[in-house]
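The structure appears below as structure tokens.
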Amino acid sequence: MIKPDNTEQELPLGLYWKGKRTTVDRIVLPFQSLEVIETINESRATREKEKGTMFRTDHERILSEAEGWRNKLIWGDNKYVMSALLEKYAGKIDLIYIDPPFATGANFSTTVTIGDNEIEHTKEASAMEELAYRDTWGLGLDSFLQMMYDRIVLVRELLSEKGTLYLHCDYRVNSHLRIILDEIFGSDNYFSEIIWQRSTTVGSSKAIANRYPTLCDQILVYSKNKGKNTFIKQYTPPTEDYKSRFKDKDKKGYYYWNTLATYSQETYDRLEATDQVRWTKGAKYPQYKTYLHELKGNVLSNVWTDINMLNPMAEERLDYPTQKPEGLLERIIKASSNEGDLIADLFGGSGTTAAVAEKLGRRWIISDLGRYAIHTTRKRMLEIEGCKPFEILNIGKYERQYWQTINFGNKTAEQTLAEYIAFVLKLYKAEALPGSPYIHGKKGNKLVHIGGVDAPVTFGDLQHALEDTRRMKQKELVVLGWEWEMGLHDVVEQEADKAGLKLHLLSIPREAMDKRAVDAGDIQFFELAYLETEVKKSAHGYQVKLTDFVIPNLDLIPAEVKKLIKKWSDYIDYWSVDWDYKNDTFHNQWQSYRTKKDRSLELITDPKTYDKKGDYRVMVKVIDIFGNDTTHIIELQHR
């Protein structure tokens, strides 16, 4: 408790900062706001292993998993994600590990490799990621602490009665977060503070000139309920020096070491019957045989010195900033969960928690704000042989609806829509043009249509906008949208060509919802990329071949990247196919992608056979080296 000098009044224990709010600004979102945008039923590693063998069809695989749990990879702000998860998972997550950004001034750029020849390029964080992931969160430490306070409150509500939180930090914010955790969880539920010696090198002479070198991070551990949380003692292997003491060998050939011990007669009789004690001539007490092969090792303390940061040549290294070694998460997950338990990581990064949880037989929920983080995690899971089915979700339109309500709400629907359209026109530096429900503005000689917040731009929307463009005797139309109907590009391009019009489809970036990005003028609208394919048919089935991938506005591609591009496929990092797309969730049934070890990319799929004749829609999805996805629809007639 804190007592001011001039009063006997007791104040609640806690940390105070400018603008502190202890009542979390709750965003009530239904679980359905987490829209499933992709399902993955089989990893590439498993598919490659099963090639040439008899295995279940995609349809059978989907049906067999339909009623069971699917692990979840969620793209979106974790405050919105947790708010949506509360409906179904409040009190049900057994272990939560979070590794929030805490290194002031850290560089959140990512190294991406281009093409087949391992040419590396440093990908800068998007404006949204840059603003969101910097520790200062735009307003310094006060803003960071409020962000963490809000999220820790939600974390506690998600934890089960046996649940534990591991919060990864370092000296910069350790003391602040410890007090916040005491306030939210209660100081009685403090469990431990782990000191992780992540490095044995001391850094540059300049960095350590005036202080002790910093070699460790801290991991603060709190339980939901003291004494009820899962905890399984872990051991470190015995040292070679300790093992050298085991010199005696028994009749079975096992090495042992004698240690003096006192026992009750009952215990002594039991141990003697199993040849685990012996009397030595002149000894006052019996000696207990400690067997080398039965050693678990030394009980693990809270000082971890045996797990180093990933070195540049480590097999698991993905060149992702803030990536933690799998050994660290393996120890945490083994200590505080059992097989089948539900694990969560709300600052998912490169997906280390998901990968380790998968390998250890735990269920998992991972979220991250960064599109590239989600893509990195997806590829990482696809490399795990036997990886269980998982789904990729997006908070998407509900986050945008909330943003629209906060910024343009408390008015009539017509006023809200008008203010939203005016806002986007201003961002695009276009002027308003009233008089048509489908033409909202004008920029130079181009008319502008703006897609709604809560639905994708559809073919029907564009038909109306093109018709109004022609009626107004204009030649060019720009369409700005948050989301797009799958496979839209090819169809509307044909419609525009028929009408003799030039069409530009531009995505409204997520950064538009961040006032700091808007105020800083960091908003860029990117023209949709598109791809071309051809279908090959043989006695073995149908194959889809990528024949081209086009990014229309190369002016927005960094000059240093353009220099590294040798052919169109160099822009592609990953592509996948849904062989029977039903206009809803994309079912990832085949994929090819580049890895750190294998930079090659297959440009044609494995053969696909259909059990029944009919018309099928095949969806192709490409993810480029910047993490953006582009889709393409193929109408396939199987006769």
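The values are calculated or read from the model by the stated rules, or taken from the named source; none is laboratory data. Treat the numbers as computed from the prediction; the structure is a model and nothing was measured. Please note: Cβ atoms are built from the backbone with ideal geometry, for glycine as well, and neighbour counts cover all protein chains shown. When the accessible area is computed, the model is the full protein with side chains, heavy atoms only, and any ligands, DNA or RNA have been set aside. Shrake-Rupley method; radii C 1.70, N 1.55, O 1.52, S 1.80 Å.
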- Hey, does the range 330-342 have a residue that's outside any loop (DSSP other than H, G, I, E, B) and more than 23 Å from Y235 (Cβ to Cβ)? yes
- Query: Is the range 67-76 home to any residue that is modelled with pLDDT of 90 or more and among the charged types (D, E, K, R)?
  - Reply: yes
- Query: Right, E560: open to solvent by 40 Å² or more (accessible area, probe 1.4 Å) and closer than 30 Å to Y428 by Cα or not?
  - Reply: yes
- Among all residue pairs at least 6 apart or on different chains, which show Cβ distances below 9 Å where the first residue, located in the range 580-606, is at positive phi and the second is open to solvent by 50 Å² or more (accessible area, probe 1.4 Å) and basic (K, R)? N583/R617
- Somewhere in the range 198-213, is a residue in a loop (DSSP other than H, G, I, E, B), modelled with pLDDT of 95 or more and either of a type in the set (A, V, I, L, M) or over 23 Å from M309 (Cα atoms) (or both)? no
- Note on the structure: Residue set G361, G340, G386, G348; condition small (G, A, S) and buried (at least 20 other Cβ atoms within 10 Å of the Cβ); output residue G348
- Any idea which of V81, V112 is at pLDDT 60 or above, of a type in the set (V, I, T), surrounded by 16 or more Cβ atoms within 10 Å (Cβ to Cβ) and under 13 Å from L369 (Cβ atoms)? V81
- Note on the structure: Only one of (1) open to solvent by less than 40 Å² (accessible area, probe 1.4 Å); (2) closer than 21 Å to K442 by Cα; (3) at pLDDT 90 or above does not apply to G500, and that is (1)
- Return yes or no: is E495 acidic (D, E), touching a residue at least 12 places away in the same chain (Cβ under 8 Å) and either surrounded by 20 or more Cβ atoms within 10 Å (Cβ to Cβ) or touching a Cys at 6+ places or on another chain (Cβ under 9 Å) (or both)? no
- Among the candidates M513, M472, M486, single out the residue that is in contact (Cβ under 8 Å) with a residue 24 or more places away in the chain and surrounded by fewer than 16 Cβ atoms within 10 Å (Cβ to Cβ). M472
- Mind listing just one residue for me: the one in the range 539-556 that is modelled with pLDDT of 90 or more and out of contact with any Ser or Thr (no Cβ under 8 Å at 6 or more places or on another chain) and, of those, farthest from E527 (Cα to Cα)? A539
- Item | Lone qualifier among E391, E399 - being open to solvent by 10 Å² or more (accessible area, probe 1.4 Å), within 30 Å of I625 (Cα to Cα) and part of a strand (DSSP E or B) | E391
- Query: Do we find a residue being crowded, with 19+ Cβ neighbours inside 10 Å, touching a helix residue (DSSP H, G or I) at 6+ places or on another chain (Cβ under 7 Å) and at pLDDT 75 or above anywhere in the range 120-140?
  - Reply: no
